[in-house]
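Trainee: Pasting a structure below so you can have a look.
The values are calculated or read from the model by the stated rules, or taken from the named source; none is laboratory data. Bear in mind that the values here come from a model prediction, so they are computed numbers and not experimental data. Reconstructed Cβ throughout: ideal geometry from the backbone, glycine too, with neighbour counts over all protein chains shown.
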Amino acid sequence: METDVIKVNNLSKHFGEIKAVNIIDFFVKQGEIFGFLGPNGAGKTTTIRMMTGVLRPTSGSIQIYGKEVWKNQIMIKQILGNVPEEANVYMDLTGFQNLSFIGELYSIPKVERKERALNLLKKFELFERRESLAKKYSKGMKQRLLLCMALMSEPKILFLDEPTSGLDVQSSIIIKNLIKEYNKNGMTIFLTTHNMDVANEMCGRIAIINKGKIIRCDTPDNLRAIEKEYQAINLYLSEEINPSAFSEIEGIKNVSKIKDFYHIIVSNVDQAIAGVINITRERNVKIIKINTPEPSLEEVFINVIQEGER
């Protein structure tokens, strides 16, 4: 039976007259990877700081496993792991020492914390560099070490803010695969990212926040499906036609040439296709291929944000 491990109700945070978070509601299910997306300044970081007990809400409530966060901060922090975007490792400690220090903070017995630290270093492919100072690690290695530090306490819920941002391919793959593994073993993941490919690949549900308000919350597939106003045609032709030739067709909103095809945004697919066929016939140009792809999550995100701005 699915359980809502996080419940956010009527949550707001004001800084003077600025409403950074403005009456939002959402829930996170046990064992899911929940994506939290939004442009810079949308309210993502403020929301996470309230959820992890760093900031006190102006109003509303946040419950984790049925306990109000602000009233049960010590207990809540014991079951959360958190890797905020601005976090850093202790540079003058080795990888192993960083993990041992975190283990001490959580009062993990010496033998157990050593075992956990070494196991994590092996999993995240840092074992060979366990005695190197963290300041000598690459950015990707430091990010992996940060994740190890967050996992030392074996949290039930892991908060991740842009865990793969700016990383090399190897580190990004290692981190994504291990996040999936921990999630498969029952850990709930709360993930913020600007990378739509990561969100689409990793998240079971996604909330989109803008200007302090949540404007969509659903699965990636459903988010694409409900964006009915966004429809597109990919058109491949035997020879080039000036894109402006299509722009006057009824039902076409925008035309762009991408490599060897035309990407045409439309309000009515049937109407647009009929117009495209007429244009190509008039110019004796053959249609090699025409398809109507689903919008990508990135296109949906941009469209949702633009709708909210209007």
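Trainee: Here is a check on your reading of the model: is LYS176 more than 25 Å from PRO39 (Cα to Cα) and assigned to a helix (DSSP H, G or I)?
Mentor: No; evaluated as a whole, the condition is false for this residue.
Trainee: When you go through VAL28, VAL69 one by one, which is the residue that is in contact with a Phe, Trp or Tyr (Cβ under 7 Å, 6 or more places away or on another chain), closer than 24 Å to MET187 by Cβ, surrounded by 16 or more Cβ atoms within 10 Å (Cβ to Cβ) and not hydroxyl-bearing (Ser, Thr, Tyr)?
Mentor: VAL28
Trainee: I've got another one for you. Give the residues of the range 1-12 that are in a strand (DSSP E or B) and either of a type outside the set (Lys, Arg) or in contact with a helix residue (DSSP H, G or I) (Cβ under 8 Å, 6 or more places away or on another chain) (or both), sorted by residue number.
Mentor: Answer for the range 1-12, where residues must be in a strand (DSSP E or B) and either of a type outside the set (Lys, Arg) or in contact with a helix residue (DSSP H, G or I) (Cβ under 8 Å, 6 or more places away or on another chain) (or both): ASP4, VAL5, ILE6, VAL8, ASN9, ASN10, LEU11, SER12.
Trainee: Testing THR52 on (1) farther than 20 Å from CYS148 by Cα; (2) modelled with pLDDT under 95; (3) surrounded by 19 or more Cβ atoms within 10 Å (Cβ to Cβ), one condition comes back false. Which one is that?
Mentor: (1)
Trainee: Just the residues that are farther than 14 Å from ILE214 by Cα, touching a Gly at 6+ places or on another chain (Cβ under 7 Å) and among the charged types (D, E, K, R), please, taken from the range 26-50.
Mentor: Passing the criteria: only GLU32.
Trainee: Is one or more of the residues making up the range 245-267 out of contact with any helix residue (DSSP H, G or I) (no Cβ under 9 Å at 6 or more places or on another chain), outside the structural domain of THR45 (by TED's automatic domain parsing) and assigned to a helix (DSSP H, G or I)?
Mentor: Scanning the range 245-267, I find no residue that is out of contact with any helix residue (DSSP H, G or I) (no Cβ under 9 Å at 6 or more places or on another chain), outside the structural domain of THR45 (by TED's automatic domain parsing) and assigned to a helix (DSSP H, G or I), so the answer is no.
Every residue, every condition in (1) exposed (fewer than 15 other Cβ atoms within 10 Å of the Cβ); (2) among the hydroxyl-bearing types (Ser, Thr, Tyr), yes or no:
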{"residue": "SER244", "(1), (2)": "yes, yes"}
{"residue": "SER247", "(1), (2)": "yes, yes"}
{"residue": "GLY251", "(1), (2)": "no, no"}
{"residue": "HIS263", "(1), (2)": "no, no"}
{"residue": "VAL269", "(1), (2)": "yes, no"}
{"residue": "ASN278", "(1), (2)": "yes, no"}
{"residue": "ILE290", "(1), (2)": "no, no"}
{"residue": "GLU294", "(1), (2)": "yes, no"}
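Trainee: Take the residues in the range 8-25 that are under 12 Å from LYS211 (Cα atoms) and of a type in the set (Val, Ile, Thr), then tell me which one is surrounded by the fewest Cβ atoms within 10 Å (Cβ to Cβ).
Mentor: For the range 8-25, the residue satisfying everything is ILE18.
Trainee: Let me ask you something else. Kindly list the number of the only condition in (1) touching a residue at least 60 places away in the same chain (Cβ under 8 Å); (2) crowded, with 19+ Cβ neighbours inside 10 Å that fails for SER165.
Mentor: Just one mismatch for SER165, condition (2).
Trainee: Here are some residues: GLU104, GLU115, GLU128, GLU85. Which one is surrounded by fewer than 16 Cβ atoms within 10 Å (Cβ to Cβ), farther than 19 Å from VAL28 by Cβ and touching a residue at least 60 places away in the same chain (Cβ under 8 Å)?
Mentor: That would be GLU85, the only listed residue that is surrounded by fewer than 16 Cβ atoms within 10 Å (Cβ to Cβ), farther than 19 Å from VAL28 by Cβ and touching a residue at least 60 places away in the same chain (Cβ under 8 Å).
Trainee: Taking the criterion of being part of a loop (DSSP other than H, G, I, E, B) and either farther than 29 Å from GLY60 by Cβ or modelled with pLDDT of 95 or more (or both), would at least one residue in the range 141-150 satisfy it?
Mentor: Within the range 141-150 (the criterion being part of a loop (DSSP other than H, G, I, E, B) and either farther than 29 Å from GLY60 by Cβ or modelled with pLDDT of 95 or more (or both)), the answer is no, since none of the residues qualifies.
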